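To start, the structure itself, in structure tokens.
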Amino acid sequence: MKDTQLIHNVFVSFIVSAVVFLGGYYLLQHKNPLPLMQTGQQPALTEDQLQTPPTNSSVPDIVEQVIPAVVSISISADVPVFEQYYEDFWSPFGDFFGNGFGFQIPRQRQIGTERQEIGGGTGFFVSPDGYLVTNKHVVDQEGVEYTAVTQDGETYDVEVVAKDPSLDVAILKINADTDFPFLTFAETEEIRLGETVVAIGNALAEFPNSVSVGVVSGLSRDIVAGDGFRFRESLEGLIQTDAAINRGNSGGPLLNLNGEVIGVNVAMAGGSENIGFALPSDVVRSVYESVAEHGEIVRPFLGVRYLQITEEIAARNNLDIDYGVLIVRGETRGDLAVIPGSPADKAGLTENDIILEIDGQKLDGSKSLAALLRTYGVGEKITLKVLQDGEEKEIEVELEKAKND
């Protein structure tokens, strides 16, 4: 195991919860302000429809039914207002040319601020009392104001209730004395390759309630998404679709032909046509249900930094196994491999241990440790098969609640 110390400068994941990352290009669109379209509102789903959802309805029927539950997220901020003026500039050649020869230099000065729309995204209601789902990157700016515009043009202030630090999901709340139309989540295991899907969103942050149709092109996609600048995050287990998804669609629903949400649009592949990605419904639903029940995102916490072992890493470090995750410290001295006082620490896990399995499921890279942990609840006990000091052991760990930083 001493050869494992040769592994340096490798990205390691800190499991503060059962969540993971992915990527492409974000769909949040920053823009100059443009007016939003205004249409009429009616309930997205009646009680009868919730009990007996339509089967394979036509796309226009589905859109008519669900679109009242989709909102445009508007991002506004106080931006500086400048005016141009001219300042006299003395010239040393004034005496030579006579008549006080000089220059006037154009300058700019701020004369105040004005509220402007600087960007936008999409969201949708998931409960009649005003809970909304969107992407975290849509509502991740400081010093701005977020509002939701419904299909009939009504504007509501929104409260950002919770943002998942690992998944690109945010839960918003509108406090109003009314019942809102809302959407329901589909079962992820029922999603099939090739099935028809409908995407609805605030395309380019200029065209609300834009509808596109496509199919599920792929499942369990892992990507790295970014905003085109410095921010990047990893996302895994995504749904791939060829339904046209544009910037500004972030946070909008991807629906099946029963009008159920199978995913939340999150990213698009740059430099390509019709390759978009959505967070699967089960992941998003668990975040919303946690917030609705606890008022915050509650997730399980193991407390290790780790590196997924691959065949290449195993060969270069003379390891006897080519799967599992190696518990390893981060790039700085303070990035400990096992967090003191964590469930992993209490169970006796140490640096350079290799976790081979969780409850009999091999950690072969097909699904990350964090993604597997996300399927458990706080307080649940899991059995880890661990290679420790050259010996395989089974260690029981009780998962605890992660801190929300």
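If we restrict to alpha carbons, what Rg and Dmax does segment 188-294 come to, in Å?
Radius of gyration, then largest Cα-Cα span, for segment 188-294: 13.4, 41 Å.
Would you mind checking the pairs Lys367/Lys403; Lys362/Lys393; Lys136/Lys346; Lys163/Lys381 and listing those with alpha carbons more than 22 angstrom apart?
Working: Lys367/Lys403 24 Å; Lys362/Lys393 14 Å; Lys136/Lys346 33 Å; Lys163/Lys381 26 Å.
The pairs that break the limit, which is 22 Å between Cα atoms, are Lys367/Lys403; Lys136/Lys346; Lys163/Lys381.
Could you give me the percent of Cα pairs per 5 Å distance bin for segment 266-405, shortest bin first, beginning at zero and ending with the bin that holds the maximum distance?
2, 9, 16, 19, 17, 14, 11, 7, 3, 1, 0
Could you tell me which of rounded, prolate or oblate describes segment 265-333, using a ≥ b ≥ c as the square roots of the eigenvalues of the alpha-carbon gyration tensor, with rounded for a/c under 1.5 and, failing that, prolate when a/b is larger than b/c and oblate otherwise?
Details: a/c = 2.73, a/b = 1.39, b/c = 1.97.
Judged from the Cα gyration tensor, segment 265-333 comes out oblate (a/c at least 1.5, b/c at or above a/b).
Rounded, prolate or oblate: pick one for segment 114-188, where a ≥ b ≥ c are the square roots of the eigenvalues of its C-alpha gyration tensor, a/c under 1.5 means rounded, and failing that, prolate if a/b is larger than b/c, else oblate. Could the numbers behind the result be given before it?
Details: a/c = 1.87, a/b = 1.12, b/c = 1.67.
The shape class here is oblate.
Each reported figure results from applying straightforward, stated rules to the coordinates on display, with no laboratory input. Please read all numbers here as calculations on a predicted model, not as lab measurements.
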